[in-house]
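A short write-up of the structure that comes next.
Each reported figure results from applying straightforward, stated rules to the coordinates on display, with no laboratory input. Every value quoted in this text rests on a predicted model; they were computed, and no experiment measured them. Using ideal geometry, Cβ is built from the backbone for each residue, glycine included, and neighbour counts are taken over all protein chains shown.
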Amino acid sequence: MTRHFLPPSHDAGIVPAMLIAAARCWREAWDNRQPVQPGLFSLLSRDGHDMLAPVFDSFLTLAEAVSGRRIAVGKGTHLSEDEHRLIGLFEGTGFSSGKSGLASSLDCAVKSLRILSARTISTPVARLAA
């Protein structure tokens with residue numbers, strides 16, 4: 001049986017970079033007891049990906065709940081271990097989340113993030129504004 005796969009997009013690195021920026025924005029909002037989604041919306045709307053704000057919020061909230069501890073973020077170009085784990089989760093190389101209800105919810109959030117990020121990244125920004 002032959003399987004054909006599309007080559008990786010030139011945009012393949014966009015989502016991990018967005019994920020790190022979103023995680024840091026999300027962490028800062030939580031730490032400062034601010035609403036999370038408006039900040040994520042503002043951050044993501046700069047590149048036309050604002051519809052991902054609730055998806056990133058759910059993904060990060062569930063990742064933190066499953067881990068049982070606060071997600072630590074890095075600074076500048078230095079990524080924390082948690083940020084590496086988040087990228088691994090998104091790329092499918094991260095830890096298995098298990099069988100709990102929270103873990104199943106996290107799996108769904110990862111799938112939603114993959115689907116919606118692929119959809120928004122492949123849609124030209126001009127089309128999103130139309």
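Quick check on Ser80: is it closer than 17 Å to Val15 by Cβ, surrounded by 11 or more Cβ atoms within 10 Å (Cβ to Cβ) and of a type in the set (S, T, N, Q)?
no
Quick check on my filter: what residues within the range 22-46 are surrounded by 14 or more Cβ atoms within 10 Å (Cβ to Cβ) and outside any helix (DSSP H, G or I)?
Within the range 22-46, no residue meets the criteria.
Would you point out the residue of the range 47-69, among those that are part of a loop (DSSP other than H, G, I, E, B) and in contact (Cβ under 8 Å) with a residue 40 or more places away in the chain, that is nearest to Arg119 (Cα to Cα)?
His49
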